[in-house]
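Notes for the one structure printed next.
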Amino acid sequence: MATSSSLKKRKAITHDVPEASDVDSDIEFGDGLLEGILSQSEDDSEDSEQDEESEAEEDEEDLDELSGLDSDEIPSDDGGLEEDGDGGMVKNNRAKVVSTDSAIGQIPLIEDDDDKPNYTVVEDANGGERYVYDEIDPVYDSDDSDVAAAMNTIGNIPLSFYDSYPHIGYDINGKKIMRPAAGEALDALLDSIEVPKGWTGLTDPATGKPRNLSQEELEILRRIQKNELTEDGYDPYPDMVEYFTGIEEKMPLSSAPEPKRRFLPSKHEAKRIMKIVRAIREGRILPYRPPEERQEEEDEEVHYDIWQDEQPRPEHVMNIPAPKAAPPGYDLSYNPPPEYLPSKAEKQAWESADPEDREKEYLPTGYDSLRKVPAYDKIINERFERSLDLYLAPRVRKNRLNIDPASLLPKLPKPEELKPFPTVSQTLFKGHEGRVRSLAIDPSGNWLASGGDDGTVRVWELHTGRQIWKAKIGDEEAVNVVRWRPVKDEVILSAAAGEEIFLIVPPPIANPEEEIRSRELLDTGFGYAKNETQNLTANGARKDPAGKWIRPGARLEDEGVLIKITVRSTVKTISWHKRGDFFSTVSPTGQRSAVAIHTLSKHLTQIPFRKLLGAPQTAQFHPSRPLFFVATQRTIRSYDLQKQELVKIIQPGARWISSFDIHSGGDNLIVGSYDRRLLWHDLDLSTRPYKTMRFHQKAIRAVKYHKGGFPLFADASDDGTLQIFHGKVVSDMMENATIVPVKVLKGHKVRSALGVMDIDWHPREPWVASAGADGTCRLWM
C-alpha cells in the first residue's frame with residue numbers, strides 16, 4: 001500500500017509501449033537505457049564537493065592565465081552548472097507511472113488526516129486549476145509546559161523601527177505579533193517598587209516582554225556571589241590516585257613457573273649461526289657484488305709482492321734481492337741544469353692544477369749555493385695535520401669524482417633503432433577556406449575526411465591528395481569535428497556543425513553493396529522512433545527530446561547526407577563505440593545536457609548525467625571494456641556502464657584538459673592540456689600521471705595513439721609542430737612503459753595564434769595526418 005506522502009507528490013505521466021528488439025551491443029550497456037544512469041552517487045558527490053569548489057575557484061584563475069592562448073577553441077566555463085537535489089545513481093527501468101488522482105482512486109480511503117492532501121484545488125482567473133496549500137503550522141508535539149512562543153521573524157532589524165506601530169514583527173505565517181499591553185504609570189511605579197522574583201529590568205528583543213530569570217539561574221548567581229561551588233557534589237580537591245607505588249610486591253602477578261627458554265640459549269640456533277660463521281671465515285660465503293664489479297676484478301692483473309717477508313740472506317746465484325729505490329735525479333738537485341728547470345708557462349700550469357692531477361709533487365728550483373736553500377716550506381702544515389691525526393682521528397682522503405653528466409641521464413634507445421615512424425610530409429591537401437578544424441582517416445585507410453570553418457565536409461583520396469566529394473552542411477557554423485564509424489562493413493561519416501550532427505554516406509567512396517547496407521542501417525531507427533515512449537510533463541504536455549532525428553532535406557540527401565540530429569548546444573567532439581551502434585557527443589556549454597549518448601539503431605539520444613561536476617571537454621569509450629571516460633577541465637572520470645557507477649577519478653594535474661586518448665590495450669592513457677603538458681597515465685599504477693612531458697611552447701590541441709599495432713603516439717600544438725613519440729607497453733607488470741621522443745614534424749604555419757588543430761593515425765601504416773589553422777591538411781610518412 002502506498003504511503004500518504006507518496007500520494008501528495010505530482011508525477012510525470014508516461015505511456016508504456018512495447019519496445020523493438022535491441023542490437024547485440026545492449027549486452028554491454030545493460031538494457032540499453034542510459035538516461036540519467038551515470039549521475040554522481042550521493043557519497044561521491046559529498047566527497048568531491050569541497051574539491052570541486054576549490055576547482056571552480058582555481059578555474060577562474062586559470063581563465064586569466066590561459067587567456068593568452070588567443071583561441072576560440074578553448075570553451076568557456078560558465079562557473080556553476082545546475083545540480084540536482086539527489087544526484088544519486090538512477091536506473092531507468094521504464095516503469096509505468098500513474099498520476100496522483102488515479103493512484104488515489106485505486107487505494108481504499110481511510111478517514112485519517114494524514115491521508116488527506118495538503119492542498120485545495122480552486123479555479124484561477126483563467127478558468128484553470130490552481131493548487132492552494134494550507135498554511136504552515138509548526139506543531140509542538142510535547143507535553144512539556146514550556147511551549148515555545150511565537151517566533152519573531154524580522155531578523156536583525158531593531159525593534160525601534162516598530163515604535164510607531166501597534167505590532168513588533170511577524171510570525172512564520174506572516175501574521176502580526178501585537179505589542180504587549182503596557183501598564184499605566186501607577187502600575188509601572190508599583191512594579192518598580194514591588195520587584196518580582198527574577199526581575200532583571202531587561203526586555204526580550206524577540207517578544208518585547210520583560211526577561212526574567214529562572215530559579216536555577218538565580219541559585220547559580222547567588223552561589224557565585226558567595227564564592228561557592230555552582231554544582232552540588234563537585235569535589236575540587238579529589239584524592240590523589242597513586243598510579244606508581246614504592247612498595248615492593250612480594251608475590252608475582254602469575255604463579256606459573258618461568259619457561260626454560262627464558263634463560264637457556266637455543267642450541268639449534270647456536271649451531272646454525274656457527275655454521276654460517278665458519279663458512280664466512282673459510283670464504284665459502286661471499287657478499288653479493290654486481291656482475292660488473294666481478295668482471296672488472298677478473299680483468300684486473302694480479303701482482304704479488306714476492307719480497308714482502310724477505311729475510312737477509314748471503315749472496316747466492318739463486319737469490320734475487322729486492323730492487324732498490326731509484327737514486328734522486330737531477331731535478332731534485334738544489335742547482336739542477338737549466339733544461340730541468342720549468343718555464344714560466346709550465347710553472348703557472350703546475351700551480352693552477354689540482355694536487356691530485358700534478359705529475360710531480362714538487363717543482364724543480366735552482367739556487368746558486370747550498371746555503372741559499374730555504375727550509376721545507378710545508379713543515380708547519382704537515383706537523384699540524386699530523387697533530388690532528390693523532391688528536392682527533394685518522395682522516396681519509398677524498399678524491400674528486402669525475403662524473404660525466406651524460407651518464408646520469410636514463411639510457412634510452414636511439415631513435416634510429418625505433419623506426420618506422422613518420423619523418424617527412426608526403427601529401428598536401430588544399431581546398432578549405434579558413435581553418436581545418438578536424439580530420440579523420442576511414443577504417444580501410446584509403447580516404448581522409450576533413451571539416452573546417454567554411455562549413456564544408458570534404459573527402460580526399462589519401463595517397464594522391466585528390467578531393468573526390470564535398471558537401472556544405474553548415475551555412476553559418478563551422479564544422480567542428482568529423483569522425484568515421486569504426487566498422488568496415490558500412491561506410492558512415494559523422495560530422496558536427498553548431499548544434500547539428502549529420503550522418504553521411506559519401507556516394508563516391510562506397511560500392512553499391514556498402515551503400516545499400518549503410519542506408520538500411522540509418523533508416524532502421526525511424527521505425528523504432530515512431531514507437532518510442534513519449535515522456536510527458538505533469539500538465540500532459542510532451543517533453544522535448546534530448547535530440548531530434550530528422551531528414552536534412554532533399555538537397556543534402558542527394559549529396560549523401562541522410563540524417564540530421566539536433567541537440568541543445570554546440571557539439572565539439574564525437575566519439576564512436578567500437579561496435580558502431582553508439583556514439584557520444586560533448587557540448588562544453590550544454591550544462592546538464594553537455595554529454596549525450598546516441599543509439600544509431602534506435603535513433604535515440606539520451607543524457608546519462610543528471611549533473612556533472614565541472615564543464616566537460618571530451619569523452620571516449622574504452623576499447624575493450626564497458627567503461628565510459630568523461631574529461632572535465634581538471635579530472636577524467638571513468639564510469640562502468642553495466643554496473644552504472646563511478647569507477648575511478650583520474651587526476652592529471654593539468655590546469656585545462658584539451659584532449660585525451662586511450663591505448664588499444666586499455667591500461668594506459670595520454671592527456672594533452674592547454675598549459676603545454678603531455679601526460680602519460682598508467683591506469684593500473686595510480687590515478688596520478690606516470691610521466692609528464694613538456695616539449696611545446698604553446699597549447700596542445702590533440703593527442704592520439706596508433707591503433708594498428710605500432711608503439712607510436714603523437715600530439716599537436718599551437719606552435720605549428722607535431723611531436724612523435726615511441727611508447728612501448730609490455731604485458732609484464734614489473735616493467736614500466738618506455739617513452740622516447742623520436743621526431744618533431746614541422747610544416748604547418750601559425751595563423752591567429754593557432755597551429756595544428758587535429759591529428760589522426762593510419763589504421764595499418766605508421767603514417768599520421770594533421771589538420772592546420774593555415775587551411776591545409778598534411779600526410780606524414
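Just so it is clear, none of the values below were taken in a lab; they were calculated from the coordinates. Everything quoted here is computed from the prediction, not taken from an experiment. All Cβ positions, even for glycine, are placed from backbone atoms using ideal geometry, and neighbour counts span all protein chains on display.
A Förster radius of 22 Å, combined with the Cβ-Cβ distance separating GLU216 from MET151, puts the computed FRET efficiency at roughly 0.40. Stretching LYS543 away from ASP163 to a fully extended chain increases their span by 131.4 nm, per 0.36 nm per residue minus the current alpha-carbon distance.
Listed highest first by mean packing, meaning other Cβ atoms within 10 Å per residue, what order do 332-339, 744-751, 589-596 come in?
Listed from highest to lowest mean packing, they are 589-596, 744-751, 332-339.
For the pair the stretch 621-675 and the stretch 278-297, the centres of their Cα atoms are 50 angstrom apart.
Please report, to one decimal in angstroms, the Kirkwood hydrodynamic radius of the stretch 652-768 built from all distinct Cα-Cα pairs.
Numbers: mean 1/r = 0.0696 Å⁻¹.
That comes to 14.4 Å for the stretch 652-768.
Shape analysis of the stretch 624-667 places it in the oblate category; the axes a ≥ b ≥ c from the Cα gyration tensor give an a/c of at least 1.5, with a/b not above b/c.
Computed extension length for ARG383-LEU685: 102.7 nm, one decimal, from 0.36 nm per residue of separation with the Cα-Cα distance subtracted.
Just the Kirkwood number for the stretch 568-667, please: inverse of mean 1/r across all distinct Cα pairs, in Å, one decimal. Walk me through the intermediate numbers first.
Working: mean 1/r = 0.0726 Å⁻¹.
Across the stretch 568-667, the inverse of the average 1/r is 13.8 Å.
Take the cross-link list LYS430/LYS698; LYS578/LYS643; LYS578/LYS648; LYS611/LYS728; LYS430/LYS728; LYS414/LYS691 and give me the ones stretching past 28 Å between alpha-carbons.
On the way: LYS430/LYS698 25 Å; LYS578/LYS643 19 Å; LYS578/LYS648 21 Å; LYS611/LYS728 38 Å; LYS430/LYS728 34 Å; LYS414/LYS691 19 Å.
The answer is LYS611/LYS728; LYS430/LYS728.
With no solvent and one point on each alpha carbon, what is the Debye value of log10 I(q)/I(0) for the stretch 251-306 at q = 0.16, 0.22 Å⁻¹? With no solvent term, the Cα-only Debye profile gives -0.78, -0.97. Annotation for TYR288 and ASP331: the two label points, set 7 Å from Cα along the Cα-Cβ direction, are 4.8 nm apart.
Tell me, Kirkwood radius of the stretch 402-507 from alpha-carbon pair distances, in Å? Let's see the in-between values first.
Details: mean 1/r = 0.0619 Å⁻¹.
Computed over the stretch 402-507, the radius equals 16.1 Å.
Every Cα-Cα pair in the stretch 437-592 was counted, and those over 24 Å apart are 33% of them.
Roughly speaking, what % of Cα-Cα pairs in the stretch 294-426 are separated by over 24 Å, rounded to a whole number?
On the way: 6130 of 8778 pairs.
Summing the P(r) tail past 24 Å for the stretch 294-426 gives 70 percent.
Extension gain, TYR304 to TYR367, is 18.4 nm, computed as 0.36 nm per intervening residue step minus the present C-alpha separation.
Need one number for the stretch 438-489: average projected area of the convex hull over its C-alpha atoms, nm². Walk me through the intermediate numbers first.
Values: hull surface 14.4 nm².
Result: a mean projected hull area of 3.6 nm².
Shape of the stretch 282-355 from its Cα gyration tensor (a ≥ b ≥ c, root eigenvalues): rounded if a/c is under 1.5, otherwise prolate when a/b > b/c, or oblate?
Numbers: a/c = 4.18, a/b = 1.34, b/c = 3.12.
Judged from the Cα gyration tensor, the stretch 282-355 comes out oblate (a/c at least 1.5, b/c at or above a/b).
Other residues with beta-carbon under 12 Å from the beta-carbon of ILE550 carry, at +1 per Lys or Arg and -1 per Asp or Glu, a net charge of +1. In terms of its Cα atoms, the stretch 709-781 spans 46, 24, 15 Å along the principal axes, sorted from long to short.
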